[in-house]
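A quick write-up on the structure given underneath.
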Amino acid sequence: MSVYFYVNGVPRLVMACAIADEFYPGEKKKLILLQQHGYNYDEILPKIRDRFEDVLRFHQPTRKYSDWQQIRQVYFESYPELETYFQPGSEVVLFGIGSPVQKFILRLNQRLGNRVQVYAESLAVDRYFVPSKRNKLIHRFGRLVLPRAFAYQHDYEAFHVMAPEIYAATPYAGKLKPIAPLYRSASFARYAAMLTANVPVGDLADYDTVMFGQPLSNFDNIISRETEEGMLREMLGEQRVLILPHPNEILGPDNKYGCLKHARVFRSGVPNELLLMKLRPKTTYTYFSTVGINYAVSNPDSQNHFFPIDETRLKMVQRYAAHLPNVRVDPRFSAILQKK
């Protein structure tokens, strides 16, 4: 049997390697790498290339999709290189099913009779299992007449999430499986050690507190830099903290983290999830980063603080906090986007 991995981003490439070793040790494995802005696999790929029989680099420029882009790409665009790549009698691993390409791969492999395993790409899996609040007539009409674009197909074998009990009320609860054992597996630890072996950690291990950055004011422009600096000072105060920026954050010599007197910014070139396996900090802070939940799951002895910036993310992280005792959610910034 062949196993196909469609990977969107470096952290998912590492997850794919761990999944391949843990669940498919004797199978032929093929890798499809989504090429987009911010996805640079060159540092890691040479170290794990021999795990895969074949690697296909798939170029797709669009990263965020408007409703119209979803309709256009799902209904009017084809992906011939993918259509001929998959073969019957196989299994497919996806990280999320929200993009037009992922939906295409799911439909294609349904026709081929292949099994599909889906792993949570991020915290934002609510949209698959929680009814949408977009109940305006036009949205309901769109989901009714254009289901391929707006409704998520659930014809997969299993969907692996951080805490299946969060979605106990969904009709698809029987297909949900926990992803936590993978983060605690020997394979994940082995890849973390291998890929961080040459990272110049130095005195970074002396930091008990780590902050996971988000590109709020310096890439996505969700809020102003002045607003974010005020939030950072309120969150971290005078603490001695190590900042691990998000890959998309644009940081020059004069950047927002300069407002913290006792902060050190460090970029390693490897996913922060792996660096954390080496540092093992006691405490972490973030707005709503997936890395924060991943670390909470993989290190139950840690304390992990979340400061969501809107009501939707607040409720989402609170659901995790109800099932993960080492997660703390602070709502003080949850209306920040309403004040813009």
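The values are calculated or read from the model by the stated rules, or taken from the named source; none is laboratory data. Please read all numbers here as calculations on a predicted model, not as lab measurements. Cβ sites come from the backbone with ideal geometry, for glycine too, and all protein chains shown count toward neighbours.
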Quiz item: Can you tell me which residue in the stretch 44-58 is farthest from residue 248 (Cα to Cα), limited to those that are surrounded by 13 or more Cβ atoms within 10 Å (Cβ to Cβ) and out of contact with any Cys (no Cβ under 7 Å at 6 or more places or on another chain)?
Solution: 52
Exercise. Mind checking which strands (runs of 3 or more DSSP E) fall wholly inside the stretch 105-212 and carry at least 2 residues that are among the aliphatic types (A, V, I, L, M)?
Key: 115-119, 158-161, 209-212
Exercise. Examine the stretch 266-276 for a residue that is farther than 22 Å from residue 119 by Cβ, in contact with a helix residue (DSSP H, G or I) (Cβ under 8 Å, 6 or more places away or on another chain) and basic (Lys, Arg), and state whether such a residue exists.
Key: no
Quiz item: Name the pairs: first residue in the stretch 65-85 and touching a residue at least 12 places away in the same chain (Cβ under 8 Å) and closer than 17 Å to residue 106 by Cα, second residue among the small types (Gly, Ala, Ser) and assigned to a helix (DSSP H, G or I), Cβ to Cβ under 6 Å, at least 6 apart or on different chains?
Solution: 70/149; 71/149; 74/149
Exercise. Report yes if residue 99 is surrounded by 16 or more Cβ atoms within 10 Å (Cβ to Cβ) and under 21 Å from residue 152 (Cβ atoms), otherwise no.
Key: yes
Quiz item: List, please: which pairs have Cβ atoms under 7 Å, are six or more places apart or on different chains, and start with a residue in the stretch 2-28 that is under 17 Å from residue 41 (Cα atoms) and end with one that is part of a strand (DSSP E or B) and basic (Lys, Arg)?
Solution: 5/29
Quiz item: In the stretch 278-285, is there at least one residue being over 24 Å from residue 190 (Cα atoms) and out of contact with any strand residue (DSSP E or B) (no Cβ under 7 Å at 6 or more places or on another chain)?
Solution: no
Quiz item: Any residue at all in the stretch 237-255 that is aliphatic (A, V, I, L, M), modelled with pLDDT under 90, not assigned by TED's automatic domain parsing to the domain that holds residue 168 and not in a loop (DSSP other than H, G, I, E, B)?
Solution: no
Practice problem: Take residue 274 and decide whether it is under 25 Å from residue 17 (Cβ atoms) and either crowded, with 21+ Cβ neighbours inside 10 Å or not assigned by TED's automatic domain parsing to the domain that holds residue 320 (or both). | Solution: yes
Quiz item: Of the residues that sit in the stretch 277-336 and are touching a residue at least 12 places away in the same chain (Cβ under 8 Å), basic (Lys, Arg) and more than 28 Å from residue 18 (Cα to Cα), which one is surrounded by the most Cβ atoms within 10 Å (Cβ to Cβ)?
Solution: 313
Quiz item: Within the bounds of the stretch 24-46, is there any residue that is out of contact with any helix residue (DSSP H, G or I) (no Cβ under 8 Å at 6 or more places or on another chain) and within 30 Å of residue 140 (Cβ to Cβ)?
Solution: no
